[in-house]
Amino acid sequence: MTPDMRTEYGRALVELGRANPDIVVLGADTTDSLKTAGFGREFPDRLFNVGIAEGNMVSMAAGLAYSGKIPFASTYAIFLPGRAVDQIRNNVAYPSRGEGRGLNVKLVASHGGLSVGPDGGSHQQLEDIAIMRAIPNFRVLVPADSVSVYGLTRTMAETYGPFYMRMARSKTDIIYDEPQDLAPGRAVLVREGSDCTIAACGITLSMALNAADELHREGISCRVLDMFSVKPLDGDSLEKAARQTGGILTCEEHNVHGGMGSAVAESVCESYPVLVYRLGVSDTFGESARDSEISDLLRMHGISSVNIARRVRELRRDMS
């Protein structure tokens, strides 16, 4: 059975914990849901469950980092930047110690985007990328599959400084057969193409690849970039894509304002201006949907391979 993102996150933490006694894990009454309970069973003195007190969890993580530990603090996305942004900004990003600005805290948020489904609009975090990319010193990661989550969890542990990684609640299609060398600030060229570029992150990457297949049958060659690193952004790959393909469509499970698409548009505007169309949630909130209806909810907000293909056709028309 294909593991979900949370399972691979928990597996990576256990392996990291065995290799490094400074790895500690914090949760906010979410250790079972986010699959960190296994870390606690193996290292009971290094797992801290603070209860439903996300701000306190972030502040504790900051203190642990200041004492030389490498804390991973995880809960649902709606409760990290959604509730604890004050502590994230002032207790993690603002201080400095050791190798640079910001403390060595890793924030991991599950249940990002619309695909939370039954939890409803109040718990569907569609603004977190915008919030976190605006906070100085933070790196912001949005992996596309569980293989990427495993690799990026290890990368975060080995890289000094504050990180925010967003995961999906639902199982996702597997993009990568094995962990890639995913480095913050460097996009992955998943598919070569010459007629336009689709830049996607998170669960929309598999949709982008399906759309590229459909468009290939129509004679349209689409380059596909995995923009898992929203901050720092790979401006070089985007400039190259702009020069070589002439137009870019961005796809994300997030508000179109302030997310990955906005970051791409800002970068391209400064390097090699071309048409950039952004696909995502159009400045609104989500709504409840049964687990069996999540794909319908995504489609209702325009997030589907069919709509990606449609927007690429429109982009190509407007490029000519």
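The values are calculated or read from the model by the stated rules, or taken from the named source; none is laboratory data. None of these values were measured; they are calculated from a predicted model. FYI the Cβ positions are ideal-geometry reconstructions off the backbone, even for glycines, and counts take in every protein chain you see.
Quick check, is residue 268 touching a Leu at 6+ places or on another chain (Cβ under 9 Å) and among the aliphatic types (A, V, I, L, M)? The answer is yes for residue 268. Scanning the range 121-153 for residues that are touching a strand residue (DSSP E or B) at 6+ places or on another chain (Cβ under 8 Å) and part of a loop (DSSP other than H, G, I, E, B) yields 126, 127, 136, 137, 138, 142, 143, 144. Can you find even one residue in the range 151-172 that is crowded, with 17+ Cβ neighbours inside 10 Å, touching a residue at least 40 places away in the same chain (Cβ under 8 Å) and under 20 Å from residue 222 (Cβ atoms)? Scanning the range 151-172, I find no residue that is crowded, with 17+ Cβ neighbours inside 10 Å, touching a residue at least 40 places away in the same chain (Cβ under 8 Å) and under 20 Å from residue 222 (Cβ atoms), so the answer is no.
Here the range 227-246 is the region considered, the condition is being in contact with a Cys (Cβ under 7 Å, 6 or more places away or on another chain) and on the phi < 0 side of the Ramachandran plot, and the residue that is surrounded by the fewest Cβ atoms within 10 Å (Cβ to Cβ) is 245. Just to be sure, is residue 109 in contact with a Ser or Thr (Cβ under 8 Å, 6 or more places away or on another chain), among the hydrophobic types (A, V, I, L, M, F, W, C) and at pLDDT below 95? In short, no. Within the range 255-291, the set of residues being at pLDDT below 95 and of a type outside the set (S, T, N, Q) comprises 283, 285, 286, 287, 289, 290, 291. Considering the conditions (1) at pLDDT 95 or above; (2) under 14 Å from the mean Cα position of the chain (by Cα), residue 157 is excluded by exactly one of them, (2).
Candidates in the range 3-31 are the residues that are among the acidic types (Asp, Glu) and under 21 Å from the mean Cα position of the chain (by Cα); of these, the one that is surrounded by the most Cβ atoms within 10 Å (Cβ to Cβ) is 8.
Annotation note: of 46, 11, the sole residue that is among the charged types (D, E, K, R), touching a residue at least 12 places away in the same chain (Cβ under 8 Å) and farther than 28 Å from residue 203 by Cβ is 46. Among what's in the range 287-319 and is touching a strand residue (DSSP E or B) at 6+ places or on another chain (Cβ under 7 Å) and of a type in the set (A, V, I, L, M, F, W, C), pick the residue that is farthest from residue 274 (Cα to Cα). Of everything passing the filter in the range 287-319, 303 is farthest from residue 274 (Cα to Cα).
Matching residues to (1) among the polar types (S, T, N, Q); (2) in contact with a Phe, Trp or Tyr (Cβ under 8 Å, 6 or more places away or on another chain); (3) over 22 Å from residue 139 (Cβ atoms):
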site	(1), (2), (3)
8	no, yes, no
38	no, no, yes
68	no, no, no
73	no, no, no
